[in-house]
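Structure record follows, encoded as structure tokens.
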Amino acid sequence: MAKNHQTFACQSCGAVYNRWRGRCEACNGWNTIVEETGAASPVSGPVATRPSRARGRIFPLEGLTGEVKEAPRTSSGIAELDRVTGGGFVRGSVILLGGDPGIGKSTLLMQASAALAKRAERVAYISGEEAVGQVRLRAERLGLASAPVELAAETNVEDIIATLSQGRPPALAIIDSIQTMWTETVESAPGTVTQVRGSAQSLIRFAKTSGTAVILVGHVTKDGQIAGPRVVEHMVDAVASFEGDQGHHFRILRAVKNRFGPTDEIGVFEMTDGGLAEVPNPSALFLAGRDLAAPGTAVFAGMEGTRPLLVEIQALVAPSALGMPRRAVVGWDPNRLSMVLAVLEAHGGIRLGGHDVYLNVAGGLRIGEPAADLAVAAALVSSLSGSALPSDAVYFGEVGLSGAIRPVAQAPARLKEAQKLGFAKALMPQGREGAGRDGSGTGFPAESLRHIADLVAGVAASGKPVRGGRRPQQRLPAYDDEDV
């Protein structure tokens, strides 16, 4: 007989303890440790004996040189989804997809399932949270009820694998969601660390042996991270995050991990009455409706993977009546904003200690690259002075602690995107190769900036009051080349 033993596992990071405690020492989470029951190794007689280890088989070792074959892929029929996955679903791969509730995960997967099924591919959609009738209602709303998608509502992993193993292996199997699955080999309740890990391992083994691409839908925590043990993210081949704001009509699919493709690609979708529509030109979407004459706005030429993206940076600098001025950021790193403010004070002569600062990336997009420093600094200076920046100019560059503006990668691609959308000038750092006003050989007019003082001086020289001749809020210092 197997002897049961009790363990205590953290539901956030998966750390295991032999007794309960209020705080997990691995992730510092409070009240995340739950008691779980498992089966120990069987014992025989009064003294337990350690089973003898069987001899392992000898396998051949190979060198680094040899023929390399491209992994076979199956196109999903959705170009933005194929961009994120690296060209389609790799056979036998497992993808973990996370996102906020109601963001559109099930809608995207239903559209991908229907597109594959209409090409005579076998597709199975296993729902553990919704009944079959609810999934059918969504398919009818999207106009996909006629697609030959195999549908079931089941949570037992062994039954799911046995059903999918009958007949031709599916090209795609969707499990919605992994937190609702349970396996008979584990005695814990569904949703616990042990059950999630055991269920994921069984489904991954099925995917590798059958060649079926499996998508596991995962819940997310309050801060947007995929819930459950982090070990599941290491077990799967790719991790994707479906992001977006309920107040905006666009959604972003971002690859966090991908063993068969790039990890910094994004796919942009627009939520419509008929489901998710692809956005081939996201820059035009993010810049739509911007106020060209408003101070405190700058257009940032960014990169998301191999795709250039133009977004609007909005800043508001207002005198503060509080003892400690507020710093509110949406869509950017708050620590990086504090650094840019410190550089403007130390090397740009701008006094912001008595002002509230609000920063927003228009459209709800999240920016993570340091190349947005220059655009943020330009928006802050423009808002403080009350003067609008040129509406036909884009900004990109990294600001160092010394005030120097450092070059960033893929400048020609950023300039090409700006030129395509009708912009006439770019303010950017000077390239390592000495490319100056020609924009790194692209023929696009570009103004090279070496120091943050050059930016402040340019705004002070070209600053013109807006909105009926309103006077600037603060006079900016003028700089010469000798001051830089």
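At a glance:
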read-out	value
Residue in region 139-150 that is of a type in the set (A, V, I, L, M) and in a helix (DSSP H, G or I) present	yes
Given (1) buried (at least 17 other Cβ atoms within 10 Å of the Cβ); (2) more than 18 Å from SER385 (Cα to Cα), index of the condition SER338 fails	(1)
Residue in region 49-63 that is modelled with pLDDT under 85, surrounded by 13 or more Cβ atoms within 10 Å (Cβ to Cβ), aliphatic (A, V, I, L, M) and not in a helix (DSSP H, G or I) present	no
Region 15-43 - residue that is part of a loop (DSSP other than H, G, I, E, B) and either among the acidic types (Asp, Glu) or open to solvent by 90 Å² or more (accessible area, probe 1.4 Å) (or both) and, of those, modelled with the lowest pLDDT	PRO42
Leading residue by the ranking (surrounded by the most Cβ atoms within 10 Å (Cβ to Cβ)) among those in region 345-377 that are hydrophobic (A, V, I, L, M, F, W, C) and over 30 Å from ALA255 (Cα atoms)	ILE350
Residue count for region 259-278, restricted to those that are open to solvent by 20 Å² or more (accessible area, probe 1.4 Å), in contact with a Ser or Thr (Cβ under 9 Å, 6 or more places away or on another chain) and over 16 Å from GLY368 (Cα atoms)	5
Where a residue in region 230-248 is at pLDDT below 85 and its partner, wherever it lies, is surrounded by 17 or more Cβ atoms within 10 Å (Cβ to Cβ) and aromatic (Phe, Trp, Tyr), with Cβ under 8 Å and at least six apart	GLY244/PHE250
Entirely in region 208-327, the strands (runs of 3 or more DSSP E) that have 1 or more residues that are closer than 30 Å to GLN195 by Cα and in the same structural domain as ARG197 (by the TED database)	213-218, 238-244, 250-258
Selection count where residues are buried (at least 21 other Cβ atoms within 10 Å of the Cβ) and either basic (Lys, Arg) or over 16 Å from the mean Cα position of the chain (by Cα) (or both), scope region 89-106	6
Restricting region 334-377 to residues that are assigned to a helix (DSSP H, G or I) and either of a type in the set (Val, Ile, Thr) or not assigned by the TED database to the domain that holds MET428 (or both), the residue that is farthest from ALA404 (Cα to Cα)	VAL376
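The values are calculated or read from the model by the stated rules, or taken from the named source; none is laboratory data. In this text the structure is predicted, and so the values were computed from the model without any measurement. Cβ sites come from the backbone with ideal geometry, for glycine too, and all protein chains shown count toward neighbours. These accessible areas exclude ligands, DNA and RNA; they are computed on the full protein's heavy atoms, side chains included. Shrake-Rupley method; radii C 1.70, N 1.55, O 1.52, S 1.80 Å.
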